[in-house]
Amino acid sequence: MWFRNPLRHIAITSDIAVANDYYNGDPESLWNRPNGGFLNVRAARRTVDFYRRWRDARRRFPPGTNEQHVLERAQAELSRRAGVRMQFLDTAHCGGFCQLSRDMARVCTLHANCCTGLANKVHDLAAVLRDWRNYTAAPPAARRRGGFGWTTPGKCIR
């Protein structure tokens, strides 16, 4: 879900900015766990090369391995060889069910990660939408006081 513009949190020097399942606090650390829930890519030869290398890296993994798993395991090699600068986005701004943003005043996007099954994702995202509507319907003074948060995902894996 997209609540605010996340592009304002992307460094102008980043070639690839990616959301994470788990964020370790360092936007340049290759120890973050990226996901494809939000991805911003600069159009450049080096990013095309990165994607080609990412696609080719799938051959080194068992058949059926998804692209997120390949990226997580090979991101350091891929970014170094292609010469791209990756930025891992803080889950406080671009979060998901794996690591929920607790501050509704900061969150930009929320992804139904750490969740299997479309019905489960739809169920828990419906709760997110209700929470967001309650938050945005509240007067600004009430929002500043806080007390708003996300309903714990009921059907998604946490």
When residues of the stretch 9-18 are limited to those that are surrounded by fewer than 17 Cβ atoms within 10 Å (Cβ to Cβ) and touching a residue at least 60 places away in the same chain (Cβ under 8 Å), the one nearest to Cys115 (Cα to Cα): Ala11
Out of curiosity, is Gly25 in a strand (DSSP E or B) and among the small types (Gly, Ala, Ser)? no
Within the stretch 19-39, restricting attention to residues that are exposed (fewer than 15 other Cβ atoms within 10 Å of the Cβ) and among the acidic types (Asp, Glu), which residue is modelled with the lowest pLDDT? Glu28
Please pick out the residue among Leu100, Leu129 that is within 24 Å of Ala11 (Cα to Cα) and not charged (D, E, K, R). Leu100
Number of positions in the stretch 130-150 that are under 19 Å from the mean Cα position of the chain (by Cα) and loosely packed, with under 12 Cβ neighbours inside 10 Å: 0
Looking only at the stretch 78-128, count how many residues are more than 30 Å from Asp49 (Cβ to Cβ), open to solvent by less than 40 Å² (accessible area, probe 1.4 Å), of a type outside the set (A, V, I, L, M, F, W, C) and part of a helix (DSSP H, G or I). 1
Report every pair of residues separated by at least 6 positions or lying on different chains whose Cβ atoms are under 9 Å apart, first residue within the stretch 24-52 and in contact (Cβ under 8 Å) with a residue 40 or more places away in the chain, second part of a loop (DSSP other than H, G, I, E, B) and among the basic types (Lys, Arg). Glu28/Arg85
For the stretch 40-77, which residues satisfy the criterion of being of a type outside the set (A, V, I, L, M), assigned to a helix (DSSP H, G or I) and open to solvent by less than 90 Å² (accessible area, probe 1.4 Å)? Thr47, Asp49, Phe50, Tyr51, Arg53, Trp54, Asp56, Gln68, His69, Glu72, Gln75, Glu77
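The values are calculated or read from the model by the stated rules, or taken from the named source; none is laboratory data. Since the model is a prediction, treat every value here as computed from it, not as a measurement. Every residue, glycine among them, receives a Cβ derived from its backbone with ideal geometry; neighbour counts consider all protein chains shown. Surface accessibility is based on the protein's heavy atoms, side chains included, excluding ligands, DNA and RNA. Shrake-Rupley method; radii C 1.70, N 1.55, O 1.52, S 1.80 Å.
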